[in-house]
Each structure stands twice: as structure tokens, then as C-alpha cells.
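S.K.: The structure's right below; bear with me while I get my questions together.
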Amino acid sequence: MNKKPNILLTDDEDTFRNIMGNELRRMGYEVTGCTNGAETVKNIQERDFDVIVLDMNMPEMDGIETLKRIKDIDPTTEVIVLTGQGSIENAVQAIKLGAYDYLTKPCRLSELDALLKKTLEKRHLSKENLHLKRLIKEVHTIPPVIIGNSAAMNSVQKMIDKIANADSTVLIQGESGTGKELAALAIHQRSNRANNPFVVLNCAALQETLLESELFGHTKGAFTGATESRIGLFEAADGGTLFLDEIGELANSTQAKLLRVVQSGEIRRIGSNRVSTVDTRIIAATHKNLTEEVKNGTFREDLYFRINVITLSLPPLRERREDIPVLVNHFLRKFCKENKEKRFLPDTIKAMTHYAWPGNIRELENTIKRLVVMTEGDDIAAGDLPENIKNISSPPDAQKTSDATLFEIEKQYITRILREKQWNKTLTAETLGISLKTLYNKMKVYEIDT
């Protein structure tokens, strides 16, 4: 059963208070009546009310003083003030002190009912916003650890420190599995927004209509299934950071709406004409070459220049092989906490260092997790490695290998695993540690036929 909205009605005119209270109860509200400011303050100290309807003209403690006391007790309390025709100045002062809105007496019941509904919706959205912020903050209380001592990763760390407080939009580029979300979180937690929400959205994971609702929110009845109003992630991240992963997957129509937010900080919920302003920093990420996407007409040039104020490029694992042993030991400690203690033999780590890891850190992490769980003994030997890793005897010579050859190596790895998995793309993607969508993209780029 839905809880009735709880209204506190304060007015020193007994007839008005009793008639209005009875009518509101008939309309489905729970109403508590008060005759003066002191009684109102006492009630809100003892109970929680959804909305307070407060008369401005009362003896002893007037409406303004009562409103101040209410806001001192709980600043989030929503208040509608009632004022006479000649006291509009008092109503304006009340709005400045935090009242939601005002009505002049005598007011119509329909006017009060409409205003109560708007106030209750605002209270609901505010509570949802606070809940989301607390939830997001709890998830991201552990500082991110970017692992690696290579020159490439030291350069990344320095760049993150340099741009953290710049408050500009950041575009993180890198192959799938290189740690783009971790880098975005590191930027956020080293910035002056660290105490505010860090919100993540994978743009490739949702359909266009759902994506717009997630980003901008919607009003009740805006579309089929919108049974209640909801704030979007831009509002949930207000004061903090919104990380848009795989931004290259956005549809053109969504790109246009995102551009407006980046330019002006203004958002409009689906189904609403009301424009709100947010202070949300955007960090975007993609594995695509957005310059080429702009040339192909699949990504807006104006949006590209707006999000590409600062660029952070993450190197693939094959270009920082000296970090592989450090990462192996990190993930080994992580998964041994959940399982029996194990260790990698030197030849095993050597073989893993030779492998090119087309799925990057995500593939490495998934491989180590499987090895820890599946290996019987305490020692993980080279023979325990998946076939596609232990068949690699030596690393490609970085000085002699062209970019085209690296692409060919990755194509061979993917083709080999596809064959091992009997062309089961889901199992292949899991083995590589990449998403199914990324696998399809790589197969298209490398022209791997099934």
C-alpha cells in the first residue's frame, strides 16, 4: 500500500484550517493541523512531514520566523506559504528563505492541490538524488590504483596529476581493456570534486531511447513505462564527474543533445519544458579513432572538439611488457584472498610477458582468475597456461615490428582462439577478456570471416 503524503497545515483561522484539512484528507492526504508557529516547530521536531503549508500572518511567531526555524531544523523540508493580498513582499522574502512557492488567500483547493503535487514531486526527486549520491560515493570510496612502473605508465600518472584540477572535459583514448574507467576515477579522486559523485555510463550498453532517459531523466508519463519521474545521471553527478565510456557509440541525435549540455551546462528531462543547470565535469572514453569517425560523418565534429579539450592516451599492454610481472602479482594477491594461496613459476611469468594480450589488462586479469581457480597444485606452471599463450615462445621485436605487423599478430591471436572455441564468439570474447561487441568490431576490422 502506498503511503499517503503527510501534510502539516498551519493556520490560526480555525474555520479555514478545518475546512481545508477535511478537503485535503478527502483527496488522499494525511493532514495534521497546527494553530501557530510554536506548535509547528514542536511537530516537525517530533515527526517527518512531506510538505508544510504555512500561513504568513500569525500572532506571536509569524510565518517568516517560523519558516526560519523550520529550515534550521531541516533545510530539506518543503514549505508552501499562504499570504494575504497585501503581503506579497512577505511571500517573496519567504521564497528567498527557502520556501518552495506561495499562494494568496483565499486560495482555491484545486490550486493548493496542484502546488502540493509539484512540491511532492520535487521532494521525491531530491530524496532520489541524495540516495544516488550516497550510493555512488560508497561504491567509489577506495582510491584507484594504477599499476605499472614503465615509462609509459609513469607518463600517464604525471598527466593525471596535471589535469585533475583543470575542470575541463577529458577524452581518454585506448584499446578495450586498458583501464580507461580506472584512469577516469583517478582523475576524479585527485580533483577538487573528489567528495562529490563519480557516475559511470557505458554508452554502448543501452538503446538510444533508454540512453537519453539515463542521461537527462524523464517526467512521469513521458513515454510508455515512465510510471514516475526520475532524475538523469547529469543531475546525479551534479558537482562531481560523469564518465561516459564508449562515447563513440552514441547516436547522432543523442550527440546533439549532449553537445548542448557540454556547451551550456543546461539539461531538460524528457517530457518536460523546464531547463535546469548542472555543474558536472565530463570525462569521455573511446577505443575508436574519433578523428576518422568525424571524417566518416558518424561523430559530430563540434562535439568532438568540445570533449577533446584534454586528451589522455593509455598504452596497450603489449607496449609496456615490463609491467606484466607487476600486474600478474597484483591480480594473484587479489584472487588468492578468495581462494587457496598459489604462486606463478618464473617460466610462467616469462611466457605471459611474451604474449601480446590483445584484450589488454582485462584479458590478463581474467586469465589469472581462471588459473587460480582451475590449477590443482600450489604452483602455476607454464603448462597450465591457455594454449594461445604458451604457444608464444618469444616477444615480437619492438624495434623491427611495424604497426601493420602488430595488427597481423592480433588478428592471428583472435583467429586462433576462435578456432579453439569452435567459432563460439561468446567464449572467444570471454577468453580474450573483451566484450562481445569489441570482438565483432575487431573481426570486422581484421576481416575475419566465420
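S.K.: Which GluC sites (Glu not before Pro) does segment 194-268 hold that lie in a coil by DSSP with at most 14 other beta carbons within 10 Å?
M.R.: Passing sites in segment 194-268 are 228.
S.K.: Continuing with the same structure: Find how much the distance from residue 259 to residue 329 grows on full extension, using 0.36 nm per residue of separation minus their present alpha carbon separation; answer in nm with one decimal.
M.R.: Answer, rounded to one decimal: 20.9 nm.
S.K.: Loop-only trypsin sites (Lys or Arg not before Pro) in segment 40-130, please: DSSP not H, G, I, E or B, and at most 13 other Cβ atoms within 10 Å.
M.R.: Loop-located and lightly packed - 47, 108.
S.K.: Distances over 18 Å make up what percent of all Cα-Cα pairs in segment 317-445?
M.R.: 53
S.K.: Residue 32 to residue 447: extension gain in nm, 0.36 nm per residue of separation minus the Cα-Cα distance?
M.R.: 142.3 nm
S.K.: Across every pair of different alpha-carbon atoms, what Kirkwood hydrodynamic radius in Å does segment 301-340 reach?
M.R.: 13.3
S.K.: With a length cut of 20 Å (Cα positions projected on each helix's long axis) and a Kyte-Doolittle mean of at least -0.5, go through the chain and give me the DSSP H helices that pass.
M.R.: Helices meeting the criterion: 360-374, 403-420.
S.K.: Find the relative contact order for the chain and round it to a whole percent, using C-alpha pairs within less than 8 Å whose residues are 6+ positions apart.
M.R.: 11
S.K.: Taking the chain as a Gaussian network, where each spring joins two C-alpha atoms under 10 Å apart, which residue of 199, 51, 262 fluctuates the most?
M.R.: 51
S.K.: Here is a follow-up. For segment 1-100, state which GluC sites (Glu not before Pro) are in a DSSP loop and have at most 11 other beta carbons lying within 10 Å of their beta carbon.
M.R.: Those satisfying the criteria are 60.
S.K.: In the chain, what percentage of the DSSP-assigned beta bridges are antiparallel, given to the nearest 5?
M.R.: For the chain, the DSSP antiparallel bridge percentage is about 10.
S.K.: Would you mind working out the magnitude of the charge dipole of segment 140-313 relative to its Cα centre, with +1 at each Lys and Arg C-beta and -1 at each Asp and Glu C-beta, to the nearest 20 Debye?
M.R.: The calculation lands at about 320 debye.
S.K.: While we're here: Beyond 19 Å, what share of the Cα-Cα pairs of segment 180-268 remains, rounded to the nearest whole percent?
M.R.: The proportion of pairs with Cα distances above 19 Å equals 43 percent.
S.K.: Let me ask something else. How big is the convex hull of the Cα atoms of segment 6-127, per residue, in Å³?
M.R.: 93
S.K.: Quote the Stokes-Einstein diffusion coefficient, in whole µm² s⁻¹, for the chain, based on the Kirkwood radius over alpha carbon pairs, a temperature of 37 °C and a viscosity of 0.692 mPa s.
M.R.: After rounding, the answer is 126 µm²/s.
S.K.: List, in the order given, every pair from 220/257; 337/444; 390/437; 158/411; 3/122 whose Cα-Cα distance in the structure shown is over 28 Å.
M.R.: Violating the 28 Å limit, Cα to Cα: 337/444; 158/411.
S.K.: Rounded to the nearest 0.05, what FRET efficiency is calculated for residue 415 and residue 206 with R0 set to 51 Å and r the Cβ-Cβ distance?
M.R.: Rounded to the nearest 0.05, the efficiency is 0.95.
S.K.: Peptides 318-327, 149-158: what's the order by average Cβ count within 10 Å, highest mean first?
M.R.: Final packing ranking: 318-327, 149-158.
S.K.: Return 10, 291 ranked ascending by Cβ neighbour count within 10 Å, so the fewest neighbours appear first.
M.R.: Result, fewest neighbours first: 291, 10.
S.K.: Then there's this: Taking just the alpha carbons, could you work out the radius of gyration and Dmax for segment 140-313, both in angstroms?
M.R.: Over segment 140-313's Cα set, Rg and Dmax evaluate to 16.2, 54 Å.
Since every read-out is calculated from the coordinates, none of them should be taken as a lab result. From a predicted model like this one, the values you see are computed outputs, not experimental measurements. In this analysis, Cβ positions are derived from the backbone assuming ideal geometry, glycine residues included, and neighbour counts consider all displayed protein chains.
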